[in-house]
Amino acid sequence: MIQIEKEESLPARIGWIEAEGIQISKSESAYEELEKCAAAFRENYPDASAGTIEGTTYARQLFHAMGIDPTKRRPSSEALLKRALKNYSLPSVNTLVDVGNWCSMDFLLPICVYDADKLRGAVCIRRGLTKDRYEALNGSFLNLEKRYCLTDDEGAFGSPMTDSRRTAVSVTTIHAIFIIFAPADYPELKLQGHLENLMQRIQKFCGGYVVGNGMI
């Protein structure tokens, strides 16, 4: 089981799930649910911008608490919602990543997913230091100084903006960890409900079994 620690003064509440024995494919079954979620937002908010929709304030609050302007560096959940409202195509990666993106849009909170077998040692969630940077999934290098940062023994590998190539999930992944980012005062019962929903969706589309979960 992966050990997860959080910097005590970090202005965030974290939910996490670790799952083993998962089976990932290129099936679009979970992606279809993501598209349905996007269509529902377009139908319910036909003229709205992403930042005005009820619920997006939580992710923005999370960023503001660290002095990050969420209109310049968007939470991953709001970036997805913005694409959905504009009816832009959404990324289809694989069943596990698609479940994560679906839940991120549905919950309006940043959700990260990593191949747990690519992690080294304990995971720490803290404020980024000058040295904390990595190659992101889009090929750019992300500087995490004074931002939310996930690290292991090899260095930084994740954030609620975009994740690293080093720990990315692929169809060969069988052991994964999900991280949900929420502001420090996010209701515990609501976050627990998200974790339960996420667990059910992981098992429905990717099988496997949960070996650990919690909130910190």
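Read the figures in this text as sums done on the coordinates, not as results from a lab. Here the structure is a predicted model, which means the values were calculated and not measured. Positions of Cβ are generated from backbone atoms using ideal geometry, with glycine treated the same way; all protein chains shown enter the neighbour counts.
Between Ile22, Ile53, Ile177, which gets the highest mean-square fluctuation from a Gaussian network model of the chain, Cα cutoff 10 Å?
For the chain, modelled as a Gaussian network with Cα springs under 10 Å, the answer is Ile53.
Scan the stretch 74-160 for chymotrypsin sites (Phe, Trp or Tyr not before Pro) in coil per DSSP, keeping those whose Cβ has at most 14 other Cβ atoms within 10 Å, and list them by number.
For chymotrypsin sites (Phe, Trp or Tyr not before Pro) across the stretch 74-160 that sit outside H, G, I, E and B with at most 14 neighbouring Cβ atoms in 10 Å, the list reads Tyr88.
Given Cα pairs under 8 Å that are at least 6 residues apart, what percent is the relative contact order of the stretch 4-215?
Once divided by the residue count of the stretch 4-215, the mean separation gives 37 percent.
Using the crude model of +1 on Lys and Arg Cβ and -1 on Asp and Glu Cβ, and no other charge, please compute the dipole size for the chain relative to its Cα centre, in debye to 20.
In total the dipole reaches around 580 debye.
Treat every Asp and Glu Cβ in the stretch 18-93 as -1 and every Lys and Arg Cβ as +1, leave all other atoms uncharged, and give the resulting dipole magnitude about the Cα centre to the nearest 20 debye.
Taking the Cα centre of the stretch 18-93 as origin, the dipole is about 440 debye.
If each DSSP helix of 4+ residues adds -39,500 (n - 2.57) and the sum is divided by the residues in the chain, what number results at 222 nm, nearest 500 deg cm²/dmol?
-10000 deg cm²/dmol
Check the stretch 1-148 and count each lysine pair with an alpha-carbon distance under 27 angstrom, considering only pairs eight or more places apart or from different chains.
Here the count comes out as 18.
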